[in-house]
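S.K.: Can you read through this structure? Questions will come right after.
The values are calculated or read from the model by the stated rules, or taken from the named source; none is laboratory data. None of the values given here were measured: they were computed from a predicted structure. As a convention, Cβ positions derive from the backbone with ideal geometry for all residues, glycine included, and neighbour counts pool all protein chains shown. With ligands, DNA and RNA removed, areas are computed over all heavy atoms of the protein, side chains included. Shrake-Rupley method; radii C 1.70, N 1.55, O 1.52, S 1.80 Å.
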Amino acid sequence: SDVFALAHYNIAYFYMKKSDYANAQLWFRKYIENEKNKELPQVYDSYTRIADCFFVLRRYEDAIEYYTKTIVAKKASPDYALYQKAICLSLLKQYNNAVIALNQVINDYTSSPFVDDALLQLGINYMSIEEYAMAINTFKRLISEYPKSELVRRAYLQLGLTYYNIDKNEDAITMFKTVIEKYPNTQEYKDAFIGLKNVYLDMNDVNTYYAYVAEKGKGISVSEREKDSLSYTVAEKVYMNGDCNKAITLLKEYIKQFSNATYTANANYYIAECLFNKKEYDEAYEYYLTVTNLNQ
């Protein structure tokens, strides 16, 4: 029958519709084997669909093999195949090869609908290999060249993370606040608050974070338990860094702010240690005594 081979192709698509990717890739391969005319669009489409099946099955090396067949043929969406190959390479932690593939999407397929996706992934791959300046430039390019893309908010978020990684905290805060104030009701909005919290923790300034959440955090709140933990974390970090004067102030504020503070023993002990080192023995004694009187 003239449609004998094509029947395999259709069966393969039915398996894809059922999310049975193991059988789907098998039937696409059967179709290719049985199809006499290897130049038909369905043959090239099958290469891509086989690769997609392997991708979902997390068989990334096999996926790369079939995406490459589509790329070489330059038929049936080679830009998509190249982009997907880059994603596979990223997942295999072959970041440099992924960078090459993504740049090829951007430069060789300028009208492709995957260019903005490629820019975002390119920036993320630059972060993975610690090429932070290249990452920043790539995210900014996405924002400026594709302002209507839904990926812009993710680019701002990634910019915040990149600046945070290179200790440019003020720039990181600006990027996270941009996401929060421009893109409410999104996952990036929630993620930006997490990023913002980490920056303010590093800056030992959680009170500013609390105030910002109270002002801008629709659907975001900081529980008393979380405030307890964050405030103590900042004070402890200052103590561990050897700044006893500031640590005493922060630890005393922590004890005063939280009547049933989770880390009461630690806070009193660190204050006592600092006072002891400053030879302020009478006050140190009182804090040591507080620790010994705790029922724990």
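S.K.: Excluding ligands, DNA and RNA, what is the solvent-accessible area per residue of region 39-123 at a probe of 1.4 Å, expressed in Å²? Intermediate results must be reported in sequence, preceding the final value.
M.R.: On the way: 3830 Å² over 85 residues.
Per-residue value: 45 Å².
S.K.: What is the extension gain from A214 to K252, computed as 0.36 nm multiplied by their sequence separation minus the C-alpha to C-alpha distance, in nm to one decimal?
M.R.: Details: separation 38, 0.36 × 38 = 13.68 nm, distance 2.38 nm.
Net length gain for the segment: 11.3 nm.
S.K.: Further, regarding this structure: Treating the angle as unsigned and between 0 and 90°, give the value, to the nearest 10°, between the Cα long axis of helix 21-34 and the longest Cα principal axis of the chain.
M.R.: The answer is roughly 20 degrees.
S.K.: Still on this structure: Using a cut-off of 15 Å between beta-carbons, work out the net charge of the residues near Y232 (Lys and Arg +1, Asp and Glu -1, Y232 not included). Each step should come with its number before you reach the end.
M.R.: Details: positive: K197, R225, K227, K237, K246, K252, K256; negative: D205, E224, E226, D228, E236, E253.
Local charge sum for Y232: +1.
S.K.: Calculate the dipole size of region 168-226 relative to its Cα centre from +1 charges on Lys and Arg beta carbons and -1 charges on Asp and Glu beta carbons; express the result in debye to the nearest 20.
M.R.: About 180 debye.
S.K.: If you take the beta carbon distance between N207 and E283 as r and set R0 to 22 Å, what does 1/(1 + (r/R0)^6) give as a FRET efficiency, to the nearest 0.05? Could you put the intermediate results ahead of the total?
M.R.: Working: r = 25 Å, r/R0 = 1.15.
E between N207 and E283, to the nearest 0.05, is 0.30.
S.K.: Right, something else. Relative contact order of region 1-150, please, whole-number percent, based on alpha carbon pairs below 8 angstrom and at least 6 residues apart. It would help to have the intermediate numbers written out before the result.
M.R.: Values: 189 pairs, mean separation 19.6, N = 150.
Reported as a whole number, the value is 13 percent.
S.K.: Using +1 on the beta carbon of Lys and Arg, -1 on that of Asp and Glu, and nothing else charged, what's the dipole of the chain about the Cα centre, debye to 20? Walk me through the numbers before you get to the answer.
M.R.: Working: 34 positive and 38 negative charges, 182 e Å.
The dipole magnitude comes to about 880 debye.
S.K.: Turning to a different aspect of this structure: 7 Å from Cα along Cα→Cβ at both N107 and K74: what's the point-to-point distance in nm?
M.R.: Output for this residue pair reads 1.6 nm.
S.K.: Further question: Translational diffusion coefficient, Stokes-Einstein: compute it for region 118-187 using the Kirkwood radius over C-alpha pairs as Rh, at 37 °C and 0.692 mPa s, and state it as an integer in µm² s⁻¹. Intermediate results must be reported in sequence, preceding the final value.
M.R.: Working: Rh = 11.8 Å.
It comes out at roughly 277 µm²/s.
S.K.: With just the Cα atoms defining each centre, how far is region 202-271 from region 145-200? Give it in Å.
M.R.: A separation of 24 Å, based on Cα centres.
S.K.: Moving on to the next point. Arrange the residues E35, E150, E131 by how much accessible surface each exposes, largest first, with a 1.4 angstrom probe. Display every interim value, and only then the final one.
M.R.: On the way: E35 30, E150 140, E131 90 Å².
I get E150, E131, E35, largest accessible area first.
S.K.: Calculated from DSSP H runs of 4 or more alone, at -39500 (n - 2.57) each and per residue, what is the 222 nm mean residue ellipticity of the chain, nearest 500? Don't jump to the answer; show the numbers that get you there.
M.R.: Working: 16 runs with 226 residues, N = 296.
-24500 deg cm²/dmol, from helical runs alone.
S.K.: What's the magnitude of the charge dipole for region 246-285 around its Cα centre, counting Lys and Arg as +1 and Asp and Glu as -1 at the beta-carbon? Answer in Debye, nearest 20.
M.R.: Numbers: 5 positive and 5 negative charges, 25 e Å.
Here the size comes out at about 120 debye.
S.K.: Could I ask something else about it? Which residue, T264, A155, F28, has the largest displacement toward the positive end of the dipole of the chain when charges sit on each Cβ (Lys, Arg +1; Asp, Glu -1)?
M.R.: The one lying farthest along the dipole's positive direction is F28.
S.K.: Expressed as a whole percentage, what fraction of the accessible surface of region 69-223 belongs to carbon and sulfur atoms when a 1.4 Å probe is rolled over the protein heavy atoms?
M.R.: Values: 3570 of 7670 Å².
Roughly 46 percent, rounded to a whole number.
S.K.: Give me the percent relative contact order of region 130-249, please, defined on Cα pairs under 8 angstrom at least 6 residues apart. All intermediate terms of the calculation are to be shown ahead of the outcome.
M.R.: Numbers: 101 pairs, mean separation 18.5, N = 120.
Relative CO of region 130-249 lands at 15 percent.
S.K.: Follow-up. Relative contact order of the chain: what whole-number percent is it, with Cα pairs under 8 angstrom and at least 6 residues apart?
M.R.: On the way: 352 pairs, mean separation 19.5, N = 296.
Across the chain, relative contact order equals 7 percent.
S.K.: Follow-up. What does the charge add up to near I64, with Lys and Arg as +1, Asp and Glu as -1, over the other residues with Cβ less than 14 Å from its Cβ?
M.R.: On the way: positive: R58, R59, K69, K85, K93; negative: D52, E61, D62, E65.
Surrounding charge for I64 is +1.
S.K.: Can you pick out the pairs among K168/K256; K177/K237; K256/K279; K218/K256; K85/K177; K177/K227 whose Cα atoms lie more than 30 Å from each other? Walk me through the numbers before you get to the answer.
M.R.: Numbers: K168/K256 32 Å; K177/K237 25 Å; K256/K279 24 Å; K218/K256 28 Å; K85/K177 34 Å; K177/K227 20 Å.
Correct reply: K168/K256; K85/K177.
S.K.: Take each of the peptides 40-53, 258-271, average the number of other beta-carbon atoms within 10 Å over its residues, and list them starting from the highest. Write out the running numbers ahead of the final one.
M.R.: Values: 40-53: 21.7, 258-271: 18.1.
Top to bottom by mean Cβ count within 10 Å: 40-53, 258-271.
S.K.: Which entry in [x] 6, 20, 20, 18, 15, 11, 7, 3, 1, 0; [y] 5, 18, 19, 12, 8, 5, 4, 4, 4, 4, 4, 3, 3, 3, 2, 1, 1, 0; [z] 6, 26, 35, 22, 8, 2, 0 matches P(r) over Cα pairs in 10 Å bins from 0, in percent derived from the coordinates of this structure?
M.R.: Among [x] 6, 20, 20, 18, 15, 11, 7, 3, 1, 0; [y] 5, 18, 19, 12, 8, 5, 4, 4, 4, 4, 4, 3, 3, 3, 2, 1, 1, 0; [z] 6, 26, 35, 22, 8, 2, 0, the one calculated here is [x].
S.K.: A further question follows. Using r as the Cβ-Cβ distance of S229 and A7, and R0 as 51 Å, what FRET efficiency do you calculate, to the nearest 0.05?
M.R.: Details: r = 62 Å, r/R0 = 1.21.
Efficiency, rounded to the nearest 0.05: 0.25.
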